[in-house]
Amino acid sequence: MLSRVAERLYWMARYLERAENTSRMIMAFNSLALDMPRNQSLSWRSLVSVTGMEGIFNEHYQRDDERNCVKFLIADAYNPSAVASCLRAARENIRTTRDQVPTEAWEVINELYRYTFENLDTAISKRGRHAVLSEIVGRCQMLTGLLTGCMSHDAGYDFIRLGRNLERADMATRQIEIGALQLQVREDDNEPYEGLLWTSVLRYQSAFQMYRQNVRRRVNGPQVVSFLLQNEPFPRSVLHCLNEVVTALERLPRNSVPLRTALQTARHAGEADVHQLIVDDDLIDYLDRLQLEIGELHRDIVRCWFPIHEAA
C-alpha cells in the first residue's frame, strides 16, 4: 500500500470520528443546560477548551457565550476541528482513495457533506440544533458501519482502525475532562446536580445504558470516570480503543516503535487509580498527560508510515 493512501485512510477515519464526537458533545451539553436550574450557569467555553482550540477561538471572538461557542465548534471554517471542517476533510480523503473503499462509502459521505452544509444555520440555532446534529451522528455511524461490514479487513482497513480508535480515545479523555472541569468550578450549592453533570458525560458517549448494566449504582463521578476510562468491553472506553489500536498495529509491518508506545499508553490507562486521582485533585492533570501520550502515539505512527508532510 502506498504511504499517501494509508495516510488518507487514517485521516479520513480521524476526521469522521472527530465530527461525530464533537456533535455528540454539543448535543449532550445542550441537554444538560436545559436540565439544570436557571440559577445554575454552565460554561460553554469549556467545550472549546477541551478541543484544544482556545487560542483560535480567542482570535475571532470576544465573548464566550453559547452562540459563539456553538458556531465555532460546528461551522467556523478557520477551526480545523469544527464539525463542518472535519466532514469536508473526511470527504476529500475518501474522494482521493475511492478505489480503496466501498462505492457506497463515497455516496454516504457526499450526502452527509451536502446535508451538513445545507443545514449549518439550523445547527447553530437552539431550535434545530439537536435534530441536525443527531442526523450527522447517525450518518457518521452509518459510514463507520459500512466500512466495517463491507471493506476488506486488510492493511487499509487497519489504518482506518488506527485513526478511528486513536481519535475516539483522545475525544473520550476530553469529554471526561468536561465533567471534571464543571465539578472543579462548581459552588457548594451545585453539588445536588453532580449526577446530572456525570449523566451528561455518559450521554456524550451513548454510554448511559451500558453504565447502568455494568455498574448498577447511581451515577457518580468516580464510577463514571472508571467506566469510560477502563471498562474494556465497552467499545467507546479509552482502554478498549487503545487495545484496538494495539491490535491494528500488530498486523502492520515495521510496527515496533508505535506498538511499544501504544502498549505503554494502554497500560497507563488501565492501571490508573481513578478514586485516588479524584481525591488528590489530580484527575485533570492525569487526563492531560494521557492526551499527551496519545499525541505521541500519533506522531510515532506518522513518522513510521506517512510522508514528512502531515495532513493536519
Per the list (1) touching a helix residue (DSSP H, G or I) at 6+ places or on another chain (Cβ under 8 Å); (2) of a type in the set (S, T, N, Q); (3) more than 24 Å from residue 170 (Cα to Cα), residue check on residue 103 breaks on (1)
So, first residue more than 16 Å from residue 88 (Cα to Cα) in the stretch 62-75, second residue among the basic types (Lys, Arg) and exposed (fewer than 13 other Cβ atoms within 10 Å of the Cβ), Cβ within less than 9 Å, six or more apart or across chains; the pairs are 66/126; 67/126; 70/126
query: Is the stretch 272-279 home to any residue that is of a type in the set (Asp, Glu) and assigned to a helix (DSSP H, G or I)?
result: no
By residue number, the members of the stretch 156-193 that are β-branched (Val, Ile, Thr) and at pLDDT 90 or above are 160, 173
Exception for residue 91 within (1) in contact with a Ser or Thr (Cβ under 7 Å, 6 or more places away or on another chain); (2) crowded, with 19+ Cβ neighbours inside 10 Å falls at (1)
Over the stretch 207-219, the set of residues surrounded by 15 or more Cβ atoms within 10 Å (Cβ to Cβ) and not hydrophobic (A, V, I, L, M, F, W, C) is 211
Note: among 28, 90, just one is among the aliphatic types (A, V, I, L, M) and at pLDDT 95 or above, namely 90
All conditions in (1) surrounded by 16 or more Cβ atoms within 10 Å (Cβ to Cβ); (2) in contact with a helix residue (DSSP H, G or I) (Cβ under 8 Å, 6 or more places away or on another chain); (3) without any contact (Cβ under 8 Å) to a residue 60 or more places away in the chain are true of residue 85 except (2)
Filtering the stretch 94-124 for residues that are under 21 Å from residue 23 (Cα atoms) and outside any helix (DSSP H, G or I) leaves a count of 1
So the helices (runs of 4 or more DSSP H) completely within the stretch 5-80 holding 2 or more residues that are closer than 21 Å to residue 287 by Cα and under 21 Å from the mean Cα position of the chain (by Cα) are 45-51, 54-60
Q: For the stretch 131-141, indicate whether the set of residues that are within 15 Å of residue 90 (Cβ to Cβ), among the polar types (S, T, N, Q) and assigned to a helix (DSSP H, G or I) is non-empty.
A: yes
### Query
Taking residue 244, is it charged (D, E, K, R), within 20 Å of residue 164 (Cα to Cα) and surrounded by 14 or more Cβ atoms within 10 Å (Cβ to Cβ)?
yes
Checked 283, 228, 196 against criteria (in contact with a Lys or Arg (Cβ under 9 Å, 6 or more places away or on another chain), surrounded by 15 or more Cβ atoms within 10 Å (Cβ to Cβ) and closer than 30 Å to residue 130 by Cβ); the one match is 228
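Condition check ((1) in contact with a Gly (Cβ under 6 Å, 6 or more places away or on another chain); (2) of a type in the set (A, V, I, L, M); (3) in a loop (DSSP other than H, G, I, E, B)) across all residues:
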| position | (1), (2), (3) |
| --- | --- |
| 201 | yes, yes, no |
| 210 | no, yes, no |
| 213 | no, no, no |
| 222 | no, no, no |
| 228 | no, yes, no |
| 234 | no, no, yes |
| 242 | no, yes, no |
For the stretch 212-231, pairs from a residue that is more than 18 Å from residue 242 (Cα to Cα) to a residue that is among the polar types (S, T, N, Q), with Cβ under 7 Å and 6 or more apart or across chains, are 214/231; 215/223; 217/223; 219/199
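The values are calculated or read from the model by the stated rules, or taken from the named source; none is laboratory data. Small disclaimer: the values here were computed from a predicted structure and weren't measured. In this analysis, Cβ positions are derived from the backbone assuming ideal geometry, glycine residues included, and neighbour counts consider all displayed protein chains.
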